[in-house]
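Each reported figure results from applying straightforward, stated rules to the coordinates on display, with no laboratory input. No experiment lies behind these values; they were computed from the predicted model shown. Heads up, the Cβs are rebuilt from the backbone with ideal geometry, glycines too, and the neighbour counts pull from every protein chain shown.
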There are 2 protein chains.
Amino acid sequence: MVLFKPEQKDTAVLRLSRLTDYAVVVLARMGEEATALQSAPGLATRTGLPEPTVAKVLKTLAQAGVVEGLRGARGGYRLAKPLPDIPLTEVIVAFDGPIALTACVDGGSGLCESEHLCPVRGRWDPVNTAIRDALEKISVAELAGHALAPAEADFRLAAE
Amino acid sequence: MVLFKPEQKDTAVLRLSRLTDYAVVVLARMGEEATALQSAPGLATRTGLPEPTVAKVLKTLAQAGVVEGLRGARGGYRLAKPLPDIPLTEVIVAFDGPIALTACVDGGSGLCESEHLCPVRGRWDPVNTAIRDALEKISVAELAGHALAPAEADFRLAAE
DNA sequence: TTAAATAGGACCAATCAAGTCCGATTTCCA
DNA sequence: TGGAAATCGGACTTGATTGGTCCTATTTAA
């Protein structure tokens, strides 16, 4: 059901990519038959989302290890673990990149090429960790309920 | 000194507009002489930032009530309150809009036109409030120290 | 051997933000 | 009283980023 409306203009600080939204929808569908092997075209028709988009989402999710992809005829995708065990952060990171306020990922990793040029390093850490903690407590399953239950009709509507 | 590097490609979930960054730099400068009336051109030369940009930043800050603008010749801007009393959220909201995960601002306000299409409403609230709380604890003054101290040289460098 | 599926990119169009600029208004000063 | 120096408000252009599609290679079952 597309968790946030695409048309909405107001840019909040926390902008998730639309793919993230689609991912939750697709995962919710897969969660209905958690152990079954489901193909991208099949999931596309069942969610009502365009097939190429669903394929892209699944490829990304497979790379992230959230789902498991099996190639070849009769291939498909399968949840790597049950929905309640998938924290939202895993999905978000897969599509939107690291969860952090600035471009510099905080702490440890020495990715910041010019550390002496980036005096804010570490200052935003409390904020970043607070955000991660909050997100980590929410599993995909918790959103999946909303993503499916009465939303089936709404979903088609919103995705036109 | 430009708190995050513009060139950095990796798009994190939390994307602050660059104006927000500039705002902190400008505010830091103003904080050095908190009570003085300072003009946009003057602050531009003192920060090394392009004048039109500084003007835009100050206009936005004035609208938000963070600074006070006095028109006419010998006019200028003045801090509405000391730096330590300005929470970061105030600056962020001014430039980046409401601090929320989705386009829907959570809770209360009935802005979401089609509430029945947005079943996630309320679900993200804990996340949103956690983020706000974390940001509210940080004042501009805390960043200002870093934004000025050894950063003067770095700043010009990063802003090329 | 063929068909059906994933895997991995390349590619194009549309949207959004950054930055600049202009006109209107206000106020001080000579 | 006129001119200069500011703020104020918005329009506009350019560049980057995202969303979405498509194409080719690879794998595997029938």
Within the range A:27-48, how many residues are assigned to a loop (DSSP other than H, G, I, E, B), without any contact (Cβ under 8 Å) to a residue 60 or more places away in the chain and surrounded by 12 or more Cβ atoms within 10 Å (Cβ to Cβ)? 3
Restricting to the range A:49-75, name every residue that is part of a strand (DSSP E or B) and within 9 Å of DNA strand D (Cβ to nearest atom). A:Leu70
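Going by what's in this entry, would A:Thr45 be described as more than 20 Å from A:Ser139 (Cβ to Cβ) and out of contact with any strand residue (DSSP E or B) (no Cβ under 7 Å at 6 or more places or on another chain)? I'd like the intermediate steps shown before the answer.
Numbers: more than 20 Å from A:Ser139 (Cβ to Cβ): yes; out of contact with any strand residue (DSSP E or B) (no Cβ under 7 Å at 6 or more places or on another chain): yes.
Yes.
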